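Visitor: Quick one: the structure is below, questions incoming.
The values are calculated or read from the model by the stated rules, or taken from the named source; none is laboratory data. Because the structure is a prediction, the values reported are computed rather than measured. Don't worry about glycine lacking a Cβ; one is built from the backbone with ideal geometry, like all the others, and counts go over all protein chains shown. Accessible surface is based on the protein model in full, side chains and every heavy atom, while ligands, DNA and RNA are left aside. Shrake-Rupley method; radii C 1.70, N 1.55, O 1.52, S 1.80 Å.
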Amino acid sequence: NANTRYTAAVAIAAEACAEDTKGQTGYICTQALHWKTKEGLVRGCSCRGTAGFVHVSCLAEQAKILVAEAEENNLDWKAKNARWLRWETCRLCEQDHHGVVLCALGWACWKTYVGRPEGEWARRRAMTLLGIGLMRANHHEDALSVQEAQLSEMRRLGASEEAILMTQGNLAIAYQHVGRFEEALRVTRDVYHGYSRLLGNEYGDTLRLANNYASSLVCVKRFEESKALLREMMPVARRVLGEDDRLTLKMRWNYAKALFKAPSATLDDLREAVTTLEDVGRTARRVFGGQHPLVANIEQALRYSREAVRARETPSPPGDTSK
């Protein structure tokens, strides 16, 4: 099943990237069509111009070799983790792969390590990547099934509290995507507080869960709580991660959404949302390129916030009491 799903995912990714990759060659194998699989090229990172065109199978083979070398040489966890990240990130632009390309890599990773024992580190991380890849490609029900299975397995095998919290956090995102907002909120709140207790507020995963918790609060229309949490954590993200980090930008994007979506939003709130999104959008476009999903999401929110400002600024016709 993993082989079949992988082949289908690669075909979908190549088709989705076909216009962008026309006339290009892969930077790993230097071919347009892969010599063995005959698959087309993809580009699902933040590379621009003529950089970053590649075959999914070339990326997968490269990552597999790096991880195998780390294991054979008994490298420490930090070195092993750096090599593992080649399953998820582009070595040219050093940004995450996204969308259908990440989904194809998730299937490639899973089929590589699925035969290992339950609980083994590479198999566990492959399952995590598969679930995230499915989400990024909008296969939300499939992602939910993978993450529920992973959480059940980790609890059965007695995984660490931190590992279980991470899996619960991914599961909460899946709940949100399938419309189970109250469950998402409950799980995300518990995971955020768990990370904060274990690791402190300046740890990357704590910041990530704070953002997810704020997003869940917006989904259930608890806008004031979302804004309060983000006002507390955005300065921490800026200091720890930097202004250009994807998580910092996502926090500011979510803060702007909490501002303009609130029924009680003032005109000043709406204008702050527009100003925030304009700044975040410029930074995201510079860092990730115009084709990145985060840029599209920010620009969509900017359109909505500008419409809200225009509607509030436009005087109502005489006798109109609708506003």
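Visitor: Restricting attention to the range 173-182, which residues are under 19 Å from F223 (Cα atoms) and either of a type in the set (G, A, S) or open to solvent by less than 40 Å² (accessible area, probe 1.4 Å) (or both)?
Guide: Answer for the range 173-182, where residues must be under 19 Å from F223 (Cα atoms) and either of a type in the set (G, A, S) or open to solvent by less than 40 Å² (accessible area, probe 1.4 Å) (or both): just G179.
Visitor: Same structure again: Please determine whether any residue of the range 139-158 is of a type in the set (V, I, T) and over 14 Å from the mean Cα position of the chain (by Cα).
Guide: Initial filter on the range 139-158 (of a type in the set (V, I, T)): 146.
When the remaining residues are screened for being over 14 Å from the mean Cα position of the chain (by Cα), the result is 146.
Yes, the range 139-158 contains a residue that is of a type in the set (V, I, T) and over 14 Å from the mean Cα position of the chain (by Cα).
Visitor: Of T30, T21, which residue is hydroxyl-bearing (S, T, Y) and open to solvent by 60 Å² or more (accessible area, probe 1.4 Å)?
Guide: Numbers: T21 fails: open to solvent by 60 Å² or more (accessible area, probe 1.4 Å).
Going through T30, T21 in turn, just one is hydroxyl-bearing (S, T, Y) and open to solvent by 60 Å² or more (accessible area, probe 1.4 Å): T30.
Visitor: Only residues that are open to solvent by 60 Å² or more (accessible area, probe 1.4 Å) and closer than 27 Å to R5 by Cα: list them for the range 38-68, please.
Guide: Listed by number, the residues that qualify are K38, E61, K64, I65.
Visitor: What's the number of the condition A18 fails, among (1) among the small types (G, A, S); (2) in contact (Cβ under 8 Å) with a residue 24 or more places away in the chain; (3) in contact with a Gly (Cβ under 9 Å, 6 or more places away or on another chain); (4) within 15 Å of A104 (Cβ to Cβ)?
Guide: A18 satisfies every listed condition except (2).
Visitor: Those residues that are among the polar types (S, T, N, Q) and open to solvent by 20 Å² or more (accessible area, probe 1.4 Å), I need them from the range 183-209; list them, please. Don't jump to the end; show me each part of the working.
Guide: We begin by selecting, within the range 183-209, every residue among the polar types (S, T, N, Q); these are 188, 196, 201, 206.
If the condition is that a residue be among the polar types (S, T, N, Q) and open to solvent by 20 Å² or more (accessible area, probe 1.4 Å), then S196, N201 are the ones that fit.
Visitor: Let me ask another. Assess whether I12 counts as being surrounded by fewer than 19 Cβ atoms within 10 Å (Cβ to Cβ), within 25 Å of M135 (Cβ to Cβ) and modelled with pLDDT of 95 or more.
Guide: On the way: surrounded by fewer than 19 Cβ atoms within 10 Å (Cβ to Cβ): yes; within 25 Å of M135 (Cβ to Cβ): yes; modelled with pLDDT of 95 or more: yes.
Here the answer is yes, as I12 does meet what is asked.
Visitor: For residues that are touching a helix residue (DSSP H, G or I) at 6+ places or on another chain (Cβ under 9 Å), open to solvent by less than 90 Å² (accessible area, probe 1.4 Å), within 30 Å of R43 (Cα to Cα) and in a helix (DSSP H, G or I), tally how many sit in the range 261-317.
Guide: Matching residues across the range 261-317 total 18.
Visitor: Go through (1) touching a residue at least 24 places away in the same chain (Cβ under 8 Å); (2) closer than 27 Å to L302 by Cβ one by one and return the number of the condition M234 breaks.
Guide: The failed condition is (1).
Visitor: Still on this model: When only residues in the range 214-254 that are outside any helix (DSSP H, G or I) and open to solvent by 50 Å² or more (accessible area, probe 1.4 Å) count, which is nearest to N201 (Cα to Cα)? Show your work before the answer.
Guide: Within the range 214-254, the subset outside any helix (DSSP H, G or I) is 220-222, 241-245.
Cutting the leftovers down to open to solvent by 50 Å² or more (accessible area, probe 1.4 Å) gives us 221-222, 241, 243-245.
Values: K221: 24, R222: 22, L241: 12, E243: 17, D244: 19, D245: 17 Å.
Per the criteria, the residue is L241.
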